[in-house]
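A short worksheet on the structure shown next.
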Amino acid sequence: MLVRCQQEQTVSNAAVFEELKAAISGDVRHDNLSKVLYATDASIYEIVPDGVVLPKTVADVVATLNICARHRVPVTPRGAGTGLTGGALNRGVQLDFSHYMNRVLDINVEQRTARVEPGVVLDELNAAVRPHGLHFSPDVATSNRATIGGMIGNNSAGAHSIVVGRTCDHVLAVDVVLADGSKHTWGAGANGPANEAARRCDEAVSTVLTEYASEIAERFPKTFRRNGGYALDRLKLTGGRLNTEQLIVGSEGTLCIVVGATLNLIPLPKHQGLVVVHYADLLEALKTVPAILEHKPAAVELVDKLILDGTKDNPAMQRRRWFIDGDPAATIAIEIYEDSEDALGQRLESVAKFLEDAGIGYARRIIRDPQQMADVWDVRKAGTGLLMSRPG
């Protein structure tokens, strides 16, 4: 995720970092090794920052913004660096929340909500709420390292988004620091603008919503997983409150720095199973997706030959590729949710029979064992790492 505060020239940074060290309780790093470590993410890009701040508190974030604004040094908050478009890269100062600000602050089982800091990792959050039969449902492939702050910045989706939606559908409120160092909370439970900057933000957003409503309705794409630009089409006035938090989700950090969030949790599925379809041709696999969606699956995930071949020589993945029949150009994992084991079995058999009768794929494997299903998803989630390990 990306915020740029005063994007002009960078000054000699020695004085800036000395001032930061004196002002914050977290870590300030501007040695060459740290700068190199933060110069890349999962994209093809590289930008060497001037230094890194690992804040311990919201006060650290406020102080960092104030100091950097005064010296006209860019500030870029960073999640796990799993983005593919270079959004976590910039010169100036990078804010890494994953080291200290990574706590689950509160779990309300009755209301099915969780309050978290931005650096908490998705899998760690779900491990904390799983004993209550709940989960934060956007399930990105990088769930063992992706942070909630980064997911909010990117409006992350995941394999099950066709059923459970995207991050924007489950963010109830965001605690933010604005470019002037002021703090505010937008969303459920917020008590209205606490400062002049937040009030001006609400006025500007309200003006856009009022004056350009017809343009937004007419011109914004109607595709489900669209994350390009600001989400003006999600803005609405409900109960006298403008849902400005929806504009922040997916804004890549360009509007403010998220320092906390209140999230909606949903019950874990009762019973689930997979049908893994094997294809001799990638385009054939892509063409069958609309027919598969008619069966209302919980997830439809494609893995192509490039990733499948990468699992052959990878020690961690070799033992997980037992479900692959032959040498497919692609596989599609179709996940089904049901309320009972019997209903699940019937749905899985029905989907597999439809695929066979329609001549879709050359093999169709039904999987119901939880560990075996985990193997399938592990292969899918390993895709980014496998691709990045390939020379060139």
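The values are calculated or read from the model by the stated rules, or taken from the named source; none is laboratory data. Worth saying up front: this structure is predicted, and the values here are computed from it rather than measured. With ideal geometry, Cβ positions are generated from the backbone for all residues, glycine too; neighbour counts draw on all protein chains shown. To get the accessible areas, we keep the full protein, side chains included, count just its heavy atoms, and leave off ligands, DNA and RNA. Shrake-Rupley method; radii C 1.70, N 1.55, O 1.52, S 1.80 Å.
Label point 7 Å out from residue 325 along Cα-to-Cβ: which residues of the range 278-319 have amide N under 12 Å?
Residues 278-280 qualify, since their backbone N sits under 12 Å from the label point.
Tell me, what is the FRET efficiency for residue 31 and residue 57 to the nearest 0.05, using R0 = 22 angstrom and their Cβ-Cβ distance as r? All intermediate terms of the calculation are to be shown ahead of the outcome.
Details: r = 23 Å, r/R0 = 1.05.
It comes to 0.40.
Roughly how far apart, in whole Å, are the Cα centres of the range 211-225 and the range 31-96?
Distance between centres, Cα-based: 33 Å.
Just checking my list (i) 40, 25, 19; (ii) 41, 22, 19; (iii) 32, 29, 22 against semi-axes √(5λ) of the Cα gyration tensor in Å computed from this structure; which label fits?
(i)
Before I look further, what does the chain give for accessible area per residue, probe 1.4 Å, in whole square angstrom? Could the numbers behind the result be given before it?
Details: 18340 Å² over 392 residues.
Normalised by residue count, the accessible surface of the chain is 47 Å².
May I ask for the net charge around residue 123, where only other residues with Cβ less than 11 Å from the Cβ of residue 123 are counted and Lys, Arg are +1 while Asp, Glu are -1? Don't jump to the answer; show the numbers that get you there.
Working: positive: 130, 145, 381; negative: 124, 139.
Local charge sum for residue 123: +1.
Please list, by residue number, everything in the range 76-104 whose backbone N is under 20 Å from a paramagnetic label point 7 Å out along Cα→Cβ of residue 306.
82-87
Nearest 10 degrees is fine. How inclined is helix 14-23 to the longest principal axis of the chain, computing both from alpha carbons?
That helix lies at roughly 90 degrees to the long axis.
Take each of the peptides 359-371, 167-179, average the number of other beta-carbon atoms within 10 Å over its residues, and list them starting from the highest.
The most tightly packed comes first, giving 167-179, 359-371.
Give me the number: length gained by fully extending residue 291 to residue 215, i.e. 0.36 nm times residue separation minus the C-alpha to C-alpha distance, one decimal in nm. It would help to have the intermediate numbers written out before the result.
Working: separation 76, 0.36 × 76 = 27.36 nm, distance 3.33 nm.
Once the chain is fully extended between residue 291 and residue 215, it gains 24.0 nm.
For the chain, what does the helix formula give at 222 nm: sum of -39500 (n - 2.57) over DSSP H segments with n ≥ 4, over the residue count, nearest 500 deg cm²/dmol?
Numbers: 16 runs with 131 residues, N = 392.
So the calculated ellipticity at 222 nm is -9000 deg cm²/dmol.
Any of 35/381; 270/296; 270/305 with alpha carbons more than 22 Å apart? Name them for me. Could the numbers behind the result be given before it?
Details: 35/381 28 Å; 270/296 16 Å; 270/305 32 Å.
The pairs that break the limit, which is 22 Å between Cα atoms, are 35/381; 270/305.
Accessible area of the range 8-126 with a 1.4 Å probe: how many percent of it is carbon plus sulfur?
Values: 2580 of 5300 Å².
Exposed carbon and sulfur together represent 49 percent of the surface.
For the chain, take the longest principal axis of its alpha carbons; what is the angle in degrees between that and the long axis of helix 370-381, to the nearest 10 within 0 to 90?
In the chain, helix 370-381 runs at an angle near 60 degrees to the longest axis.
What does the net charge come to around residue 31 if you take all other residues with beta carbon closer than 15 Å to its beta carbon, with K and R at +1 and D and E at -1? Intermediate values should be presented prior to the final figure.
Numbers: positive: 21, 29, 35; negative: 18, 27, 50, 96.
It works out to a net charge of -1.
Evaluate E = 1/(1 + (r/R0)^6) for residue 46 and residue 14, where r is the Cβ-Cβ distance and R0 equals 25 Å; express this FRET efficiency to the nearest 0.05. Could the numbers behind the result be given before it?
Details: r = 23 Å, r/R0 = 0.94.
Working from the Cβ atoms, E equals 0.60.
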